[in-house]
Structures are given as structure tokens and as C-alpha cells.
Amino acid sequence: MPKRREIELFYSALDVARVRGEDAVTRDDEFRIYDDGHLRITYSGPSEELPPSGAELRAKELEVQHGEPGRSLPHGLQVYAPGNVLNVEWSDDGPIFVIGYSPGGPWEQELEKLAREIAR
């Protein structure tokens with residue numbers, strides 16, 4: 001049974017990365033990164049595409065699973081505060097894999113506050 005809390009935080013993190021993140025390129029990859037010194041969100045996906053919005057993914061009603069996907073998926077999102085507190089991978093047609101989640105702590109409230117600010 002999926003835990004809804006981490007999925008709602010995942011949707012919020014996607015929205016923050018999409019709206020407030022900046023593109024970054026390394027030798028091997030392209031990312032979208034939001035980093036305010038306390039909370040860092042990284043999104044990796046198909047090049048030259050913004051991450052989907054939380055609302056877009058929510059509307060697809062993709063299945064949620066916990067654990068490793070067993071193969072490389074095209075989209076990934078990690079939240080660091082300062083360590084990795086949320087790690088999710090998915091493909092456009094699902095499912096969404098929650099690989100890691102560390103519940104609790106001020107990072108959740110900070111992320112929710114950022115998501116509310118950009119929703120205005």
C-alpha cells in the first residue's frame with residue numbers, strides 16, 4: 001500500500017524544480033537543480049525538457065511502488081536536506097518508484113511552503 005505523504009512531497013518537489021530550478025550540465029548529464037542552501041532538489045530526465053508538473057503526473061494516476069525499479073528509468077528526482085531524504089524514479093507511462101524516503105524533519109515543511117508559494 002503506497003504511502004501518500006511521500007508522493008505528495010514528490011509532486012511538490014517536481015513543481016519547485018520546474019518553476020524555481022535552474023538548468024545545469026555536467027560532462028555526462030543534464031539536470032534541473034533548485035538549491036537554497038538548506039534544500040536541494042535535482043531532476044534528471046530527457047534533455048531539453050522541463051520536468052512534468054506535479055498536477056500532470058497526479059492526473060495520470062500512475063501506480064506507485066516502493067523499491068528499486070530494476071532498470072534505468074528516464075526520469076529521476078532527489079531531494080537533499082542535507083542528505084538524500086527523497087529519491088524517486090519513473091517513466092512517462094509509470095509506475096512511480098519511491099526508492100528512498102526519510103520521513104519527518106523540517107525539510108518537509110520547507111518543501112511544502114515553497115510549493116504553496118509557487119502555486120499562488
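Data for the structure
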| read-out | value |
| --- | --- |
| Filtered residues of the range 76-120 (kept if at pLDDT 95 or above, closer than 15 Å to Leu14 by Cβ and among the polar types (S, T, N, Q)) | Gln78, Asn87 |
| Matching residues in the range 1-30 - criterion: being closer than 13 Å to Glu108 by Cβ, touching a strand residue (DSSP E or B) at 6+ places or on another chain (Cβ under 7 Å) and acidic (Asp, Glu) | Glu6 |
| Elements of type strands (runs of 3 or more DSSP E) in the range 1-92, at least 3 residues being free of Cβ contacts under 8 Å to residues at least 40 places away in the same chain | 22-25, 30-35, 40-44, 75-80, 84-90 |
| Filter result for Tyr43 (closer than 17 Å to Leu86 by Cα and in contact with a Phe, Trp or Tyr (Cβ under 7 Å, 6 or more places away or on another chain)) | yes |
| Residue in the range 46-67 that is among the aliphatic types (A, V, I, L, M) and in contact with a Ser or Thr (Cβ under 6 Å, 6 or more places away or on another chain) present | no |
| Flag if Glu56 is acidic (Asp, Glu) and either in contact with a strand residue (DSSP E or B) (Cβ under 8 Å, 6 or more places away or on another chain) or within 17 Å of Arg32 (Cα to Cα) (or both) | no |
| Cβ-Cβ under 6 Å pairs, at least 6 apart or on other chains, the range 93-120 side part of a loop (DSSP other than H, G, I, E, B), far side at pLDDT below 95 and surrounded by fewer than 18 Cβ atoms within 10 Å (Cβ to Cβ) | Gly94/Leu62; Gly94/Glu63; Pro95/Leu62; Pro95/Glu63; Pro95/Gln65 |
| Total residues in the range 12-53, condition among the small types (Gly, Ala, Ser), surrounded by 14 or more Cβ atoms within 10 Å (Cβ to Cβ) and modelled with pLDDT of 90 or more | 5 |
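The values are calculated or read from the model by the stated rules, or taken from the named source; none is laboratory data. Fair warning: this is a prediction, and the values are worked out from it, not measured in the lab. In this analysis, Cβ positions are derived from the backbone assuming ideal geometry, glycine residues included, and neighbour counts consider all displayed protein chains.
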